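The values are calculated or read from the model by the stated rules, or taken from the named source; none is laboratory data. A quick note: this is a predicted structure, and the numbers were derived from the prediction, not measured. No Cβ is skipped: glycine too gets one built from the backbone with ideal geometry, and neighbour counts run over all protein chains shown. Keep in mind that these areas ignore ligands, DNA and RNA; they rest on the heavy atoms of the full protein, side chains included. Shrake-Rupley method; radii C 1.70, N 1.55, O 1.52, S 1.80 Å.
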Amino acid sequence: MAKVLVVDDATFMRMTIKKMLEAYGHTIVGEGCNGVEGVKKYMDIRPDVVMLDITMPEMSGVDALKRIKELDPKARVIMCSAMGQQAMVAQAIQYGAKDFIVKPFQQERLAEAIDRIMSRA
């Protein structure tokens, strides 16, 4: 199972993702509320997977993704976005995101995304 870092500015969304992933046996090893915190925690924890929201204060998810990939080109990041952010999603894929999930998402879709990128490790 994967060790996951969840970075989202919405506390409710972090709790929801945590509950969904733990139900599938994954472990949440850290949480962040903005891109700056997400990059720092990634470097401190080195999780298997990062769940990263696109729109956050201080540093966007796309900028955090770029920084994480600069620091660790092998980082596995799944972006989360709301509908209507297709341009940012495309940019995130260009910068190395392994997958993206549109909010609100289903538990099965979230687990499948993590399983898929972990199987490519």
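Points to keep in mind about this one:
- Point-charge dipole on Cβ atoms (K/R +1, D/E -1) for the chain, about Cα centre, debye to 20: 260 debye
- R14, R46, R109, ranked by accessible area, largest first (probe 1.4 Å): R46, R109, R14
- Net charge of neighbours whose Cβ lies under 12 Å from the Cβ of I101, counting Lys and Arg as +1 and Asp and Glu as -1: -1
- Nonlocal amide H pairs with I28, under 5 Å, H built at 1.01 Å: V4
- A23-E70 FRET efficiency (beta carbon distance; Förster radius 22 Å; 0.05 resolution): 0.10
- Tensor-based shape of the range 4-82 (alpha-carbon gyration tensor, a/c under 1.5 rounded, otherwise prolate or oblate): oblate
- Carbon and sulfur %, accessible surface of the chain computed with the full protein complex present, 1.4 Å: 54 percent
- Simple Cβ-charge dipole of the range 54-121, Lys/Arg +1 and Asp/Glu -1, about Cα centre, in debye nearest 20: 160 debye
- Spin-label pair S119/M1, simplified geometry with 7 Å Cα→Cβ offset, distance in nm: 1.9 nm
- Tensor-based shape of the range 41-121 (alpha-carbon gyration tensor, a/c under 1.5 rounded, otherwise prolate or oblate): oblate
- Phi-based couplings in Hz for the range 38-54 (Karplus 6.51, -1.76, 1.60; Gly and Pro marked x): x, 5, 4, 5, 4, 5, 6, 9, 6, x, 6, 9, 10, 9, 10, 5, 6
- 1.4 Å probe accessible area per residue over the chain, in Å²: 50 Å²
- Cα-based shape type of the range 70-111, given that a ≥ b ≥ c are square roots of the gyration tensor eigenvalues and the cut on a/c is 1.5: oblate
- Dividing the summed helix terms, -39500 (n - 2.57) for each DSSP H run of n ≥ 4, by the number of residues in the chain produces a 222 nm estimate of -14500 deg cm²/dmol to the nearest 500.
- A probe of 1.4 angstrom, applied to the heavy atoms of all protein chains, finds M88 with accessible area near 60 square angstrom.
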